[in-house]
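Peer 1: What follows is a structure written as structure tokens; I'll ask about it next.
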Amino acid sequence: MSSTKSFAAQSADSPLAPWTIDRRNPKPHDVQIGILYCGVCHSDLHTARNEWGNTVYPCVPGHEIVGKVTAIGDQVTKFKVGDLAGIGCLVDSCRECDNCKEGLEQYCSNGMVGTYNGKEKDGSGNTYGGYSKSINAHEDFVLHVSDQLPLEGVAPLLCAGITTYSPLRHWKVGKGTKVAVLGLGGLGHMGVKLAASMGAEVTMLSHSPSKAADAKRLGAAHFVLTSDAAQVKACAGTFDFILDTVSADHDYNFYLGMLRTNGVMVCVGAPPSPAQIPAFNLIFGRRSVAGSLIGGLPETQEMLDYCAEHQIVSDVEVIAMKDINEAYERMLKGDVRYRFVIDMATL
Ligand code: NAP
Ligand code: ZN
Ligand code: ZN
């Protein structure tokens with residue numbers, strides 16, 4: 001075991017504060033990463049504050065992890081010491097179920113192990129995430145990271161990037177697709193960049209007028225202010241695909257009417273309260289509401305390689321570890337352009 005500095009929430013209503021965790025020594029297939037940057041996902045905040053009701057404390061959030069390999073187990077073949085590497089939202093799964101065999105480890109029938117707030121399969125306890133100096137994971141759950149992109153901008157790809165890339169690919173978004181991205185935050189800004197890079201015509205749906213210019217700069221062809229009735233009305237029946245990234249409770253029905261016949265609204269945002277959707281809002285126009293969870297390991301690597309090829313990174317504001325609680329408050333106010341990333345040298 002090695003003592004490792006981290007920042008943890010000790011309860012739902014206590015701010016994150018310094019805490020020391022014991023990281024295991026690398027197992028034969030483990031890659032140990034010295035963490036350089038960790039992105040701040042809204043899921044970190046939902047979890048630290050127990051908004052989904054399943055948090056085990058102490059909780060060390062962080063699942064947008066990039067760094068350098070500092071040690072490897074003696075059976076590791078995919079990485080060597082000094083390589084750049086990343087870890088996203090999961091660090092283990094059963095590897096035997098149909099989903100795992102297909103590379104859809106995020107949907108493991110026996111339960112994937114989250115990078116934080118997960119239960120280690122060997123019974124050793126709770127997992128602790130990337131708000132820490134180092135982390136170990138089985139090499140199969142570690143990603144290769146390009147040395148051609150700024151690392152702080154790559155970190156958010158490990159969650160915000162893959163969570164938006166995966167549904168865009170699954171629903172075959174591309175040239176000729178009219179896509180709306182709902183919510184311009186960490187996920188939303190990656191959704192706009194990625195959908196635009198795939199050739200889609202992207203509309204940004206936002207409740208923040210101040211984000212209009214950014215939406216266009218990120219690749220949106222149109223910006224719709226969701227509080228403006230005339231702009232909303234003009235969207236009726238126009239989109240093939242809506243990517244809903246909103247973190248707060250909101251009315252799904254308000255947006256369903258913007259779908260064309262056969263249109264799909266994919267929820268990736270995970271507000272705490274259940275949604276109410278009258279069947280008629282789906283029946284008319286044969287509309288669907290779907291969900292999508294992060295991405296499996298093969299697709300996450302594909303996304304990282306795609307981003308390296310297309311020079312796509314996240315727009316980030318780098319913060320010191322001690323400023324995490326203020327960053328959470330600012331994220332809640334939508335005051336981030338568009339992802340906070342912690343510089344782990346400051347821990
Ligand atoms: P974020 O950076 O805080 O962005 C959320 C955006 O939602 C805001 O920028 C804002 O956009 C919009 N929004 C916030 N409050 C709103 C309100 N009251 N009404 C309408 N719009 C509001 O969060 P994030 O990190 O992108 O995460 C978004 C959600 O996705 C979270 O719930 C997170 O847990 C979830 N998530 C899911 C997955 C998955 O696998 N499915 C993975 C990662 C995260 P505008 O200002 O443009 O309106
Ligand atoms: Zn996340
Ligand atoms: Zn499985």
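The values are calculated or read from the model by the stated rules, or taken from the named source; none is laboratory data. Because the structure is predicted, anything quoted here is derived from the model rather than measured. Don't worry about glycine lacking a Cβ; one is built from the backbone with ideal geometry, like all the others, and counts go over all protein chains shown. We work out accessible area using only protein heavy atoms, side chains counted, and drop any ligands, DNA or RNA first. Shrake-Rupley method; radii C 1.70, N 1.55, O 1.52, S 1.80 Å.
Peer 1: Could you check region 259-284 and list, in sequence order, the residues that are within 22 Å of VAL192 (Cα to Cα) and either open to solvent by less than 70 Å² (accessible area, probe 1.4 Å) or within 16 Å of ligand 2 (Cβ to nearest atom) (or both)? Spell out the reasoning first.
Peer 2: Step one: of region 259-284, the residues within 22 Å of VAL192 (Cα to Cα) are 259-260, 262-271.
Correct list: LEU259, GLY263, VAL264, MET265, VAL266, CYS267, VAL268, GLY269, ALA270, PRO271.
Peer 1: Within region 210-231, does at least one residue satisfy the condition of being closer than 19 Å to ILE162 by Cα, near ligand 1 (Cβ under 10 Å from one of its atoms) and either open to solvent by less than 70 Å² (accessible area, probe 1.4 Å) or modelled with pLDDT of 95 or more (or both)?
Peer 2: No.
Peer 1: Based on what the data block shows, is LEU184 among the aliphatic types (A, V, I, L, M) and in a loop (DSSP other than H, G, I, E, B)? If you could, list the steps in order and put the result at the bottom.
Peer 2: Working: among the aliphatic types (A, V, I, L, M): yes; in a loop (DSSP other than H, G, I, E, B): yes.
Here the answer is yes, as LEU184 does meet what is asked.
Peer 1: Take SER6 and tell me if it is open to solvent by less than 30 Å² (accessible area, probe 1.4 Å) and either more than 16 Å from ligand 1 (Cβ to nearest atom) or not in a helix (DSSP H, G or I) (or both).
Peer 2: On the way: open to solvent by less than 30 Å² (accessible area, probe 1.4 Å): yes; either more than 16 Å from ligand 1 (Cβ to nearest atom) or not in a helix (DSSP H, G or I) (or both): yes.
It is true that SER6 is open to solvent by less than 30 Å² (accessible area, probe 1.4 Å) and either more than 16 Å from ligand 1 (Cβ to nearest atom) or not in a helix (DSSP H, G or I) (or both).
Peer 1: Which residue, of ASP305, ASP240, is among the acidic types (Asp, Glu), modelled with pLDDT of 95 or more and over 30 Å from PRO150 (Cβ atoms)?
Peer 2: Numbers: ASP305 fails: over 30 Å from PRO150 (Cβ atoms).
The conditions single out ASP240.
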